[in-house]
Amino acid sequence: MMKNKKANMSIISVLVVIVLLFAIGYVVNIGNRECNDNNDCGSESYCGSDFACHQYPLIERTIVENNFLVPSILIALAIVIAAVIFKWNELKPKEEQKTETEPKVEEVTEPYYKSYKNNNTKLN
């Protein structure tokens, strides 16, 4: 099966050297870390993802106080004005009905239209 045993040994030795280099690099990387956990840092710092201790950031809170009194008064005033506009005919004082005495019309006993016979008699 294997015709050249020396060539196979050289490939295996190169692979072993590469694995050893990766293992040594990993051990050196772990050794150069400042911290591995928050317990490795002081009480006022934490262990970051770069394995170094960092100070806790100072968080500033901005308190916003909203005063909605003036806008609510304006909205209430607008609602009242709209209600007055829609009900204006019902709210305005009704004019007093004046009871004027109408002039009496005299009753006419003669008909307004005179008949044709009456006109003929006058013409003759």
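The values are calculated or read from the model by the stated rules, or taken from the named source; none is laboratory data. Given the structure is predicted, the values throughout are model-derived calculations rather than measurements. Using ideal geometry, Cβ is built from the backbone for each residue, glycine included, and neighbour counts are taken over all protein chains shown.
So the values come out like this:
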| quantity | calculated |
| --- | --- |
| Near pairs, Cβ below 8 angstrom, 6+ apart or cross-chain, from the stretch 8-24 (in contact (Cβ under 8 Å) with a residue 12 or more places away in the chain and in a helix (DSSP H, G or I)) to any residue that is β-branched (Val, Ile, Thr) and surrounded by fewer than 10 Cβ atoms within 10 Å (Cβ to Cβ) | none |
| Residue in the stretch 78-86 that is of a type in the set (Phe, Trp, Tyr) and assigned to a loop (DSSP other than H, G, I, E, B) present | no |
| Of all residues in the stretch 5-52 being polar (S, T, N, Q) and under 45 Å from the mean Cα position of the chain (by Cα), the one that is surrounded by the most Cβ atoms within 10 Å (Cβ to Cβ) | Ser45 |
| Only one of Thr101, Thr62, Thr109 that is exposed (fewer than 10 other Cβ atoms within 10 Å of the Cβ), part of a loop (DSSP other than H, G, I, E, B), modelled with pLDDT of 75 or more and among the hydroxyl-bearing types (Ser, Thr, Tyr) | Thr62 |
